[in-house]
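Derivation of every value follows stated rules applied to the coordinates shown; laboratory data play no part. Quick caveat, the model's predicted, so the values are computed rather than measured. So basically every Cβ, Gly included, is an ideal-geometry build from the backbone, and we count neighbours across all protein chains shown.
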């Protein structure tokens, strides 16, 4: 193709990709084409003068409006209609370039790895909603009435029954986004079977990894919404997903299935034997490395299930972990920082669960284990990135402090301008499982979903926020609130009053007067 034709075709394609419709060269476009022709003619003046009119006409065939429309139609036939409004950004695909003919919905396993983390940024209908930041989505959902949400969900349910895979994906990602950010069981109880059947059907006939991942994630969200006490449905879903996990070769899909099985077991199962089955499944994957993602999900799911087993049968939990203890030590040397952290946290969790029954318990070679973990918490090797080293130091310091000094871990989230603090490894694993399932929708579920109150004993969803919280959680007033400012001023006044007392009595009393050699110590 000559230079002139290539340039005009590029203009036509750029108009096509930006407008979402077949490009047509309007008057302004023809004018631009004429300018290109004139520029090319000037640079090739001698060659143009030697050509006959017939040859010139042949060489300029791409400059005519009809020729450009034909090129655009040919391009349009090679592209799916749903792609016409999509601009492809090569930076989204790890720097690799994609042509206009690539299907953005046909993602590879590598690209699907982070799908469950990023799916919340997807809109209910990508073609009609402008892009928003992910953390703005829950607020947007809150602006809709119950009737509007029901209508939207009914439309999405219809989409996941369509024959076209892209339409099913749109329906799945819309339902998952709403379920992750909104508690819908209050007004969708009558439709709960329709959601579950829709997810199972899409998983059965899926055409892309994306569709399969969304279907499995939808099942996890279904149990979060409707799964409490649904032990019979849980058994059916367990058998169904377990079979698919054995058949698939996709590491991302297998990882999502394992998380969904563990999450559903935690919410709906009434028998700790179900948790043992998940642990055994995870154990095989920990011993036989397949991928970093699969290992990470297996490790975190292993810890979540150990909470259930240890609560019912601590001896069995100890027996199971004794077999997998070497695997956890090996994972401390993993190339992936998240795998190293997850392994160390599993060890801390098991230490917490076992010492709750046997106070003098210690792991084999616990002193050497502490040395390894302490070295990792001070990692300065150049082979790890600064970000990885920072994450590892922060996480492993808590593990070392707990194993060596029995100092509880601290994690917290802000809900309703207040902080909920969790200070046990058991609650840490539960919280991480919920955060992985709903991502940034965790705050809304703490407020609206009653199952959060049952599991974490927070009562944050009630109107009275001064209710007693569990022993493992406490609510702290937000530092930005007026009440916090008042408390700060009041504390400063109390400190000044106490400092005057210390000044009056410091050094004047004996050890018997106050027990500290004349010095007074106060809790601040």
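Stretched out fully, how many nm does the piece from residue 145 to residue 372 gain, at 0.36 nm a residue minus the Cα gap?
In short, 76.3 nm is gained.
Mean projection of the alpha-carbon convex hull of segment 383-434 over all orientations, in nm²?
Mean shadow area of the hull around the Cα atoms is 5.0 nm².
Under the 0.36 nm per residue contour assumption, what length would be gained going from the current alpha-carbon distance of residue 162 and residue 231 to full extension? Present the calculation step by step, with values, prior to reporting the outcome.
On the way: separation 69, 0.36 × 69 = 24.84 nm, distance 3.00 nm.
Going from the current span to full extension adds 21.8 nm.
Output the peptides 232-238, 218-224 sorted from most to least packed, where packing is the average of other Cβ atoms within 10 Å over each peptide's residues.
218-224, 232-238
Sorted by packing (mean other beta-carbon atoms within 10 Å per residue), highest first, where do 389-399, 312-322, 258-268 land? Mind showing how you got there, number by number?
Working: 389-399: 18.2, 312-322: 16.5, 258-268: 24.0.
By packing density, highest mean first, the sequence is 258-268, 389-399, 312-322.
Going by average Cβ neighbours within 10 Å, how do the peptides 170-177, 349-356 rank, with the highest at the top?
Taking the mean over residues of other Cβ atoms within 10 Å, the ranking is 170-177, 349-356.
Does segment 359-416 come out rounded, prolate or oblate by the C-alpha gyration tensor, with a ≥ b ≥ c the root eigenvalues, rounded set by a/c under 1.5 and, if not, prolate when a/b is larger than b/c and oblate if not?
The shape class here is oblate.
Run the Debye formula on the Cα coordinates of segment 291-439, all scatterers equal and no solvent, and tell me log10 I(q)/I(0) at q = 0.11, 0.13, 0.15, 0.19 1/Å.
Log-scaled intensity ratios, in q order: -0.41, -0.59, -0.79, -1.28.
Determine the shape class of segment 264-367: with a ≥ b ≥ c the square roots of the Cα gyration tensor eigenvalues, call it rounded for a/c under 1.5, and otherwise prolate if a/b is greater than b/c, oblate otherwise.
Oblate, because a/c is 1.5 or more while a/b does not exceed b/c.
If the chain between residue 394 and residue 335 were fully stretched, how many nm would it gain, using 0.36 nm times the residue separation less the Cα-Cα distance?
19.5 nm
Can you give the FRET efficiency for residue 201 and residue 271, using 1/(1 + (r/R0)^6), R0 = 30 Å, r = Cβ-Cβ distance, to the nearest 0.05?
Details: r = 28 Å, r/R0 = 0.93.
Computed FRET efficiency for residue 201 and residue 271 comes out at 0.60.
Quick one: Debye curve from the alpha-carbon atoms of segment 134-280 only, equal weights, vacuum; give me log10 I(q)/I(0) at q = 0.11, 0.12, 0.19 Å⁻¹ to two decimals.
Calculated log10 I(q)/I(0) at the listed q: -0.41, -0.49, -1.17.
At a Förster distance of 25 Å, what's the computed FRET efficiency of residue 401 paired with residue 379, Cβ-Cβ distance as r, to 0.05?
Working: r = 16 Å, r/R0 = 0.65.
For R0 = 25 Å, the calculated efficiency reads 0.95.
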